[in-house]
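One structure is given below, encoded as structure tokens.
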Amino acid sequence: MKEKGEAPEVFVNNQVPGKWKTILQERINVPVRFIGETDLKLQLLNTGNVTEVPYTAIGGALESLWHNAEGMNLLDKGIHKPHKTPFAATIVLFSILAALCVFWLISPLQIEEKKIEAIDREIMARRDEVKKAEV
């Protein structure tokens, strides 16, 4: 751009707070343009007679600007490696589920046994009174 005599431009995300916009514009000696998600039709990418920039070109440009982006892999043809289910977590969760099912099945039996024991205690306590009434 220096050879052509053009001044470089800096593109910044539009979500920057207002005070930082003014600080950027004051401290950098080049023009600063703030772009948002809707401002993807950059004049920088629009060359020739093309009226619209293809989405693949925009995606490629944004991908190259974003340092965490994964590169495009056209060789996999959309086939992705299946994720393996963590075996240890599955075993732990299944054992917890089995233990809860055992408690769910056993708890009604224990409650009924306690009721029967309470009734038996009352019968034993009143047995003497019943014998006296029979006599």
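The values are calculated or read from the model by the stated rules, or taken from the named source; none is laboratory data. None of the values given here were measured: they were computed from a predicted structure. As a convention, Cβ positions derive from the backbone with ideal geometry for all residues, glycine included, and neighbour counts pool all protein chains shown. When the accessible area is computed, the model is the full protein with side chains, heavy atoms only, and any ligands, DNA or RNA have been set aside. Shrake-Rupley method; radii C 1.70, N 1.55, O 1.52, S 1.80 Å.
With all protein chains present, how much of the accessible area of the range 77-134 (probe radius 1.4 Å) comes from carbon and sulfur, to the nearest whole percent?
Numbers: 4180 of 6090 Å².
Carbon plus sulfur share of accessible area: 69 percent.
Given H placed 1.01 Å from N in the peptide plane, which residues other than close sequence neighbours of ARG33 have an amide H under 5 Å from its amide H?
VAL10, PHE11, VAL12
Testing the spin-label approximation: label points 7 Å from Cα along Cα→Cβ at ILE123 and PHE103. State their distance in nm.
3.2
Under a 1.4 angstrom probe, counting protein chains only, how are SER64, SER107 ranked by accessible area, largest first?
Numbers: SER64 90, SER107 50 Å².
Largest to smallest exposure gives the sequence SER64, SER107.
Take LYS19, LYS81 and sort them by solvent-accessible surface of the protein heavy atoms, 1.4 Å probe, largest at the top.
Most to least solvent-accessible, the answer reads LYS81, LYS19.
Enter the accessible area of ARG126 (Å², nearest 10), with the probe set to 1.4 Å and all protein chains included.
Using a 1.4 Å probe on the heavy atoms, I get roughly 140 Å².
For TRP104, TRP20, write out the residues from largest to smallest accessible area, computed with a 1.4 angstrom probe and no ligands counted. Don't skip to the end; give the middle numbers.
Values: TRP104 180, TRP20 125 Å².
Ranking TRP104, TRP20 by accessible area, largest first, yields TRP104, TRP20.
Modelling each spin label as a point 7 Å along the Cα-to-Cβ direction, I'd like the VAL130/VAL92 distance in nm, to one decimal.
5.5
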